[in-house]
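The values are calculated or read from the model by the stated rules, or taken from the named source; none is laboratory data. The shown structure was predicted, so the numbers you read here are calculated from the model rather than taken from an experiment. Positions of Cβ are backbone-derived with ideal geometry, glycine not excepted, and every protein chain shown enters the neighbour counts. Surface accessibility is based on the protein's heavy atoms, side chains included, excluding ligands, DNA and RNA. Shrake-Rupley method; radii C 1.70, N 1.55, O 1.52, S 1.80 Å.
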Amino acid sequence: MSQDADPIEEPRRLPRWADRPQVWASTALLLVLPLALALVGYQRPELCGDALFYGYQLERMGEVGGRWWQIADDPQLGQPYQTEMARNPSLFEGLDLLLIAALPSRFLDPRQTYYLAALAALAFNGWVAGGIVRRFSRSTFWAALTVVLVTWNHPTATRYLGHLHLLKTGWAVLAVWMFAEYLHDPTRRRGVLLGLAMAGVLQSSFYFGFLLGLAMGLWWMGCLVARRVERRHLLATGLAGLTFAVVGAALTFPVWTTAKSYYFADDYFHRPWSETWWFGAELWQYLVPPNSLAAAEFMSQVHARDANAYWEGWYFPGYTVLCAIALYVVARLRGWRLWPARAHVLDVFMGLITILVVLSLAGGPSYFLFQLVPSFRAYGRAGLIATALGYVAAPLVLQGMIAAVRSRLLRVAALAGVVALAAFDARRAVLVHGVELSSSLNDAREYIEGPTDPNPAWVDWLAQQPPDVRLVAFSPIPPDLPVTMNTWGIPNLRHRSRHRHATLNGCNLRLFEGDLKLLGASYKQMNPAGLRFLVALGYETLAFDRKYLRANSWIESQPGLDWIAQRGEWRIARANSYMNRFPTQSLERMLTEQPRDQAPVVVPRHVWITGRLEVDRETVVPENGQALMAWSNAKGELIDTPYNALFQHIFGPGIPAFTIQTPKMPGNYELVFLDRSRRRLASKPYLVVATPPRNEPLISGKVSALSVNAVVQEIDPASSKPLRLVLENTSSYYLPALVEWGPICRSVRAQPGLIEPGLGSVVFGVRVKGAGGRTLQELKLVLPNDVPPRGRLELELPTDHLVPTSERVQVTIAPMFLQCKPRKVAETLADVRLTVSTGPDAQPSSAAVSADRPLLR
């Protein structure tokens, strides 16, 4: 083949369809083939992990009648808390598949709906890729081979049971083709079509929209530098940008208007920097199949990353694509031009493949890009777009090279080799690896969801109950494992479609644990106050696994519970009239009843302070209450942007209600509480002074904590009198209840139960010991408010905040200074006194001045 030779003859324009019946047959084949390959190669899956999330997303689309911006507000999951899934912007991703599933999801279960959506995505990929190659090459055979490559490949097979939106590469391929045609001949029509195609990419996958847009932008800048962008490109470029902005915003508006309003959504809009490494690809992973011995040996010897992190960045495209890319490189180095009249399309495809591979590399451009766009971490996913483009470009390259061979025998041999290589890739990617994937579903479920029972017996029991029954299920959690989203939230997506009842399981776990923490409880270590709290929220039916009951043995002897059913390892109880229920009240009423004539509280400037609402007893807010909080000056003008506050569901005289940073400038201020329409509900006056906070010398981090003046009090199990605590601060130090420690989501920074106290915070350390000095319980109780110099804090610790026991217990309580300098704390010991009694008439216990190692670790 000479340097200037045309490898193949440009195809002639096809006659009208009515004159060519074979065109109809070819089109029918390309319409049926993608769906047939998807049905043969991919079976209906058992949903687990991420696939459960997307099955739930599709199910909710049917429940809300197509109003996808309401998907996150699930009345059956976690109320009055938001669901664990609501904070994830991906819940609003993929409008194309959501619309397809809107009607079928009303009649199909999530597993069937997920399978339907996956088939639709795979078929669309095949139609787009096959259609482009058919239009480009005028060959049904090469178009069919493209459909095989784009449907049966390793990146698709390994993500079939993961992120559903990562299956949809068809939009990206279509957008790249539009981009190539726009660069070649920038008409207004092509500019608009490019904008529409990119909007389709964005709505289908936020990652694909960002990464492909970035790659196209880099290619466009390269064309600008090379002076290939002319004045006539400007109008088409403007139309493309305007179309993309308008249509893309319309198709993704819940992300920008709704998703950010959910608590902990900050986690997804600002990822950890280190995850760009863990979710990146390595260059060798594009060249080596994942199930090869060489790959296993390399990973076992290097140990650079966890094995699952390697799988996240594996985008081996198959030997067919690698062979085609190698031939293309050789052809370009030799100066040969494949498809001269349409070489611009192939050049753009190959150029963007190169850029996307570079973007996907761990430790590559993502290191710098993250500082500009911290909401994206998995830059390795650029490799998915690169491989999809490779499945379209490879048949075109191979067709061009084979057609250039003069010997008919060699052409037939080369064609047979291509078919054999493609068949080998398909078999290895789907038929072999698919079997391995199916056989390892249980392992994958346990890795993602933890050691939880996929089919607990309480689910079938609940499915048979009246629709008004609301339940909380307590699953066993091994002591060495934390309670996470995967063990608490994800499995309940599988259960809800079976029982169809309201459950607290599936709520945002951190919000739930934050409220329990204010009552001295946790999911793993429940107390009577925690059970009373759940009942007050409206969950009067509780299911307990036997292992959970063994860890919390006092529950079975509670007189406020009737045990109504036994199902396998599960015991089910219902609250009775003996349950001492918390009173309930709406948040708006609680705020409007706050005292209006309060004396200003003196606080230092620019420090974190903690306060409580004026409530005479512990009260539960059962609905999804929420207020806004902000500082206002003496003129009544807000001086900062209001943010979420008071979204906890338990308030009381001994429970902190908010934490906030004081203004920088001294003066008279009010802390204003507003409703969602910015209507003023209540306020608390403060006098901000310029005196520097005297707790600064205590902060150093020299020791983790230091306990002072520990007080020991014995409690009779038959007594229900609360412990009365009095903390006197006659020192000149301002003792803060909470100081913000490290990064915390701005959306929840006002909730004291969600902040880990540190850096100078003062808390109550409580240790309960039984007979023989056996430790029964350890607590860190946040002070309900700060204690200023020469201030006094009085509060009552109800006994139901402690774990019940039949024996007389010894309770040790001590103020704990966190992250402090021992010498500086010792200087204030004589001025920080604690007394404890069991009632107003009881003799108080106090301690001599002393300092010791932390009461709690």
Exercise. Per residue, what accessible area does the stretch 320-407 have, given a 1.4 Å probe and all protein chains present, in Å²?
Worked result: 34 Å²
Exercise. In degrees from 0 to 90, rounded to the nearest 10, what is the angle of the helix 140-151 Cα long axis to the longest principal axis of the chain?
Worked result: 20 degrees
Seminar exercise, completed: Placing each pseudo-label 7 Å from Cα in the direction of the beta carbon, Met665 and Arg231 end up separated by a distance in nanometres of 5.3 nm
Exercise. Using only helices, what value at 222 nm comes out for the chain when you add -39,500 (n - 2.57) per DSSP H run of length 4 or more and divide by the total residues, to the nearest 500 deg cm²/dmol?
Worked result: -12500 deg cm²/dmol
Problem set entry | Computed label-point distance, nm, for sites Trp311 and Ser375 using a 7 Å Cα→Cβ extension | 2.9 nm
Exercise. Roughly how many Å² is the accessible area per residue of the stretch 194-281, as a whole number, for a 1.4 Å probe?
Worked result: 48 Å²
Seminar exercise, completed: With 0.36 nm assigned to each residue of separation and the Cα-Cα distance removed, Glu297 to Val32 gains 91.3 nm
Problem set entry | Degrees between helix 188-204 axis and first principal axis of the chain (Cα, 0 to 90, nearest 10) | 50 degrees
Exercise. Of all the C-alpha pairs in the stretch 327-371, what % are more than 17 Å from each other?
Worked result: 46 percent
Exercise. Where the accessible area of the chain is counted over protein heavy atoms with a 1.4 Å probe, how much of it, in %, is carbon and sulfur?
Worked result: 57 percent
For this session: Evaluate E = 1/(1 + (r/R0)^6) for Ser719 and Ser586, where r is the Cβ-Cβ distance and R0 equals 45 Å; express this FRET efficiency to the nearest 0.05.
Result: 0.85
Seminar exercise, completed: For the Ser274, Asp675 Cβ pair and Förster radius 45 Å, calculated FRET efficiency rounded to 0.05 is 0.70
For this session: Of the listed pairs Lys721/Lys769; Lys260/Lys635; Lys664/Lys780; Lys635/Lys684; Lys260/Lys664; Lys260/Lys780, which have alpha-carbon separations greater than 25 Å here?
Result: Lys260/Lys635; Lys664/Lys780; Lys260/Lys664; Lys260/Lys780
Exercise. Any idea what % of Cα-Cα pairs in the stretch 483-574 are farther than 21 Å?
Worked result: 31 percent
Seminar exercise, completed: Rounded to the nearest 10 degrees, the helix 408-426 long axis (Cα) sits at an angle to the longest Cα principal axis of the chain of 10 degrees
